[in-house]
1. Quick check on the range 1-22: of everything there that is more than 22 Å from GLN123 (Cα to Cα) and modelled with pLDDT of 95 or more, which residue is surrounded by the fewest Cβ atoms within 10 Å (Cβ to Cβ)?
2. Are any of the residues in the range 84-91 of a type in the set (Phe, Trp, Tyr), at pLDDT 95 or above and over 22 Å from LEU62 (Cβ atoms)?
3. Looking at the structure I just gave you, is ALA55 hydrophobic (A, V, I, L, M, F, W, C) and either over 15 Å from the mean Cα position of the chain (by Cα) or modelled with pLDDT under 95 (or both)?
4. Go through (1) within 23 Å of THR90 (Cβ to Cβ); (2) among the aliphatic types (A, V, I, L, M); (3) in contact with a Pro (Cβ under 7 Å, 6 or more places away or on another chain) for ALA64 and report which single condition fails.
5. Identify the residue in the range 102-141 that is touching a Phe, Trp or Tyr at 6+ places or on another chain (Cβ under 9 Å) and without any contact (Cβ under 8 Å) to a residue 24 or more places away in the chain and, among all such residues, is nearest to HIS13 (Cα to Cα).
6. Just checking, which of GLY33, GLY68 is exposed (fewer than 14 other Cβ atoms within 10 Å of the Cβ), touching a His at 6+ places or on another chain (Cβ under 9 Å), among the small types (Gly, Ala, Ser) and part of a loop (DSSP other than H, G, I, E, B)?
7. Looking for whichever is free of Cβ contacts under 8 Å to residues at least 60 places away in the same chain and hydrophobic (A, V, I, L, M, F, W, C) here; the options are LEU17, LEU26, LEU51. Which one fits?
Amino acid sequence: MQFSMQAFALRFHHFGLASRRPEQTLNFLRGLGHEVIRQVYDPLQNVNLWLCPHASMPTVELVAPAQGPGPLDAILTTSSESIYHLCYETENLKASLEALKEGGFRVICVSSPKPAILFGNRQVSFYMVKDFGIIELLESS
């Protein structure tokens, strides 16, 4: 199946790295030249978050478990760290999801849209895309 270059109208934003030892992970990222421009606790997701851009490498969102059960529990069962999602920005969530489905991809909502404190309360949602993995969709401001 052929697609135009932007069939899904998505732009890469960052990758999500889950870690049980965020300070060690941050030390590694800093050693690579990443900055930490924002750190927050997100009560809607029950995770601690750090946004770590780099001048010439992809931005990393470091995600660490907070107290109690949370979305990383299953992801971090076999490893203390894992790159577990790719985030894409979209101008139109409904249109992007429809384009993915029209492209023949099975898309399952894992977490419906909610405000993300790390991104100025812009709406984020998570989806499992069969044959690809977990994607986060960040709605443009």
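1. The initial filter retains those residues of the range 1-22 that are more than 22 Å from GLN123 (Cα to Cα), namely 1-5, 19-22.
Imposing the further condition that a residue be modelled with pLDDT of 95 or more reduces the set to 19-22.
Values: SER19: 23, ARG20: 14, ARG21: 11, PRO22: 20.
Ranking the qualifying residues of the range 1-22, first place goes to ARG21.
2. Among the residues of the range 84-91, not one is of a type in the set (Phe, Trp, Tyr), at pLDDT 95 or above and over 22 Å from LEU62 (Cβ atoms), which makes the answer no.
3. Details: hydrophobic (A, V, I, L, M, F, W, C): yes; either over 15 Å from the mean Cα position of the chain (by Cα) or modelled with pLDDT under 95 (or both): yes.
In short, yes.
4. Unmet condition: (1).
5. SER141
6. GLY33
7. Values: LEU17 fails: free of Cβ contacts under 8 Å to residues at least 60 places away in the same chain; LEU51 fails: free of Cβ contacts under 8 Å to residues at least 60 places away in the same chain.
The conditions single out LEU26.
The values are calculated or read from the model by the stated rules, or taken from the named source; none is laboratory data. It should be emphasised that the depicted structure is a prediction, and the values quoted were computed from it without experimental measurement. Cβ sites come from the backbone with ideal geometry, for glycine too, and all protein chains shown count toward neighbours.
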